[in-house]
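> Just passing along the structure, written as structure tokens.
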Amino acid sequence: MALLDYFRQRKTAGSAAIAKERLQILVAHDRRGDGPSYLPQLQHDILKVIRKYVAVDNDAVSVNVERDGGQEILELNIVLPD
Amino acid sequence: MARIIVVTSGKGGVGKTTTSAAFAMGLAERGFKTVVIDFDVGLRNLDLIMGCERRVVYDFVNVIQGEANVGQALIKDKRNPNLFILPASQTRDKDALSIEGVGKVLEDLAREFEFIVCDSPAGIEKGATLAMYYADDAIVVTNPEVSSVRDSDRMIGILSSKSRRAEQNLEGIREFLLVTRYSPERVKRGEMLALEDVQEILSLELIGVIPESSSVLNASNSGIPVIMDRESSAGQAYSDMVSRYLGEDLPHRFLKVEKKGLLGRLFGG
């Protein structure tokens, strides 16, 4: 059996690469998800204010908090129509 | 001043108690007065792994609630005069622990001991957060497996935000990564996350890699910390880890597949 395994193991594609890829995405997402709970409401309110002046899509405003060592950066991205 | 070390992971079953027992015994063997505390109230197991389960009279909760003093609850290890164990209560629940109560006990122990090792329960509930609250150093135990790595990452976030050091704006907890149940064979076959992958995702300083080894189960079966099994790869890897914690610069071992001879490869072994 060991003889068979010896030849067989070369063919099996490793699942470790998939694990790494999934983890990298997941961990990045988990870390972002750690942001303050008011973020969705903030995003909603900013969208409402902008809509008073310009017609924009629902996804025109994105709000993100990033942590870099000791400091937090609140990143606000607004896409205005041409 | 005593140094307080929490052994934590988030996920259960990755080797926190095995590590706490081995690490505490290792420190004691190097001559340091060491106490290891079980924070897993309701599901205590450190006493079993240390082999002193029949000598528990009073426990951590008794001490916090003033029903015994800390000297009465400490169990002296029979193999090493520098080592003491403070068992958890098996009958109460985690609410019996309070931040002030734990702080008071640690303060008392800090007068007697050089190292205080806190064996954290799994999860991120009260027992786990209290085990890490007063820590100076943290050992994050991780298996090369997706759920363990993810939980460790979560734990690292909690360590940097919900500790005494974070709340009092002191220098942060020193965090170290310990990878356990590592199997170079499976990594080589591409079945298991490689050490580099785990390190890349968690970006912590690596304090040790404990290879998958039958000696770990043997040790827990007999109630002997695996570090005392000097012949085993796991015991040697734990001993290296203790040396690194104490400041020695040692290369990591047991990371590569041991070469088998041609016959061994053909007929297994």
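> Among the residues of region B:5-23, is there at least one that is under 16 Å from B:Leu83 (Cβ atoms), charged (D, E, K, R) and not in a helix (DSSP H, G or I)? Don't jump to the end; show me each part of the working.
Initial filter on region B:5-23 (under 16 Å from B:Leu83 (Cβ atoms)): B:5, B:7, B:17-23.
Subsequent filtering for residues that are charged (D, E, K, R) retains none.
Among the residues of region B:5-23, not one is under 16 Å from B:Leu83 (Cβ atoms), charged (D, E, K, R) and not in a helix (DSSP H, G or I), which makes the answer no.
Let's see how each residue does on (1) assigned to a helix (DSSP H, G or I); (2) exposed (fewer than 12 other Cβ atoms within 10 Å of the Cβ); (3) more than 8 Å from every other protein chain (Cβ to nearest Cβ); (4) at pLDDT 80 or above:
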residue	(1), (2), (3), (4)
A:Glu21	yes, yes, yes, yes
A:Leu26	yes, no, no, yes
A:Tyr53	no, yes, yes, yes
A:Val65	no, no, yes, no
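> Something else: Would you say B:Ser215 is closer than 19 Å to B:Asn143 by Cα, of a type in the set (S, T, N, Q), open to solvent by less than 20 Å² (accessible area, probe 1.4 Å) and within 13 Å of chain A (Cβ to nearest Cβ)? First the steps, then the outcome.
Values: closer than 19 Å to B:Asn143 by Cα: yes; of a type in the set (S, T, N, Q): yes; open to solvent by less than 20 Å² (accessible area, probe 1.4 Å): yes; within 13 Å of chain A (Cβ to nearest Cβ): no.
When the stated conditions are applied, B:Ser215 does not pass them.
> Now for a different question. Please tell me if B:Asp40 is of a type in the set (D, E, K, R), outside any helix (DSSP H, G or I) and within 19 Å of the chain's Cα centre (by Cα).
On the way: of a type in the set (D, E, K, R): yes; outside any helix (DSSP H, G or I): yes; within 19 Å of the chain's Cα centre (by Cα): yes.
Spelling it out, B:Asp40 is indeed of a type in the set (D, E, K, R), outside any helix (DSSP H, G or I) and within 19 Å of the chain's Cα centre (by Cα).
> Please go through region B:1-32 and pick out each residue that is more than 17 Å from B:Ile227 (Cα to Cα), out of contact with any strand residue (DSSP E or B) (no Cβ under 6 Å at 6 or more places or on another chain) and surrounded by fewer than 24 Cβ atoms within 10 Å (Cβ to Cβ).
Residues satisfying the conditions are B:Met1, B:Lys11, B:Gly12, B:Gly13.
> Okay, next question. Scan region B:168-177 and tell me whether some residue there is surrounded by fewer than 20 Cβ atoms within 10 Å (Cβ to Cβ) and β-branched (Val, Ile, Thr).
no
> Are any residues in region B:75-106 part of a strand (DSSP E or B) and open to solvent by less than 40 Å² (accessible area, probe 1.4 Å), and if so, which ones?
Just the residues of region B:75-106 that are part of a strand (DSSP E or B), to begin with: B:75-76, B:83-86.
Hits for region B:75-106 are B:Ile75, B:Leu83, B:Phe84, B:Ile85, B:Leu86.
> Next question, about the same structure. B:Val70 fails exactly one of the following numbered conditions: (1) surrounded by 15 or more Cβ atoms within 10 Å (Cβ to Cβ); (2) free of Cβ contacts under 8 Å to residues at least 12 places away in the same chain. What is the number of that condition?
B:Val70 satisfies every listed condition except (2).
> Sticking with this one: State which residue is surrounded by the fewest Cβ atoms within 10 Å (Cβ to Cβ) when the search covers only region B:33-64 and only residues that are among the charged types (D, E, K, R) and without any contact (Cβ under 8 Å) to a residue 60 or more places away in the chain. Lay out the reasoning, then the answer.
Just the residues of region B:33-64 that are among the charged types (D, E, K, R), to begin with: B:33, B:38, B:40, B:44, B:47, B:53-55, B:59.
Keeping just the survivors that are without any contact (Cβ under 8 Å) to a residue 60 or more places away in the chain gives B:44, B:47, B:54-55, B:59.
On the way: B:Arg44: 22, B:Asp47: 23, B:Arg54: 7, B:Arg55: 14, B:Asp59: 24.
Step by step, filter region B:33-64, then rank; the result is B:Arg54.
The values are calculated or read from the model by the stated rules, or taken from the named source; none is laboratory data. Just so it is clear, the structure is predicted and the values come from calculations on it, not from any experiment. Cβ: placed from backbone, ideal geometry, glycine included. Neighbour counts: every protein chain shown. When the accessible area is computed, the model is the full protein with side chains, heavy atoms only, and any ligands, DNA or RNA have been set aside. Shrake-Rupley method; radii C 1.70, N 1.55, O 1.52, S 1.80 Å.
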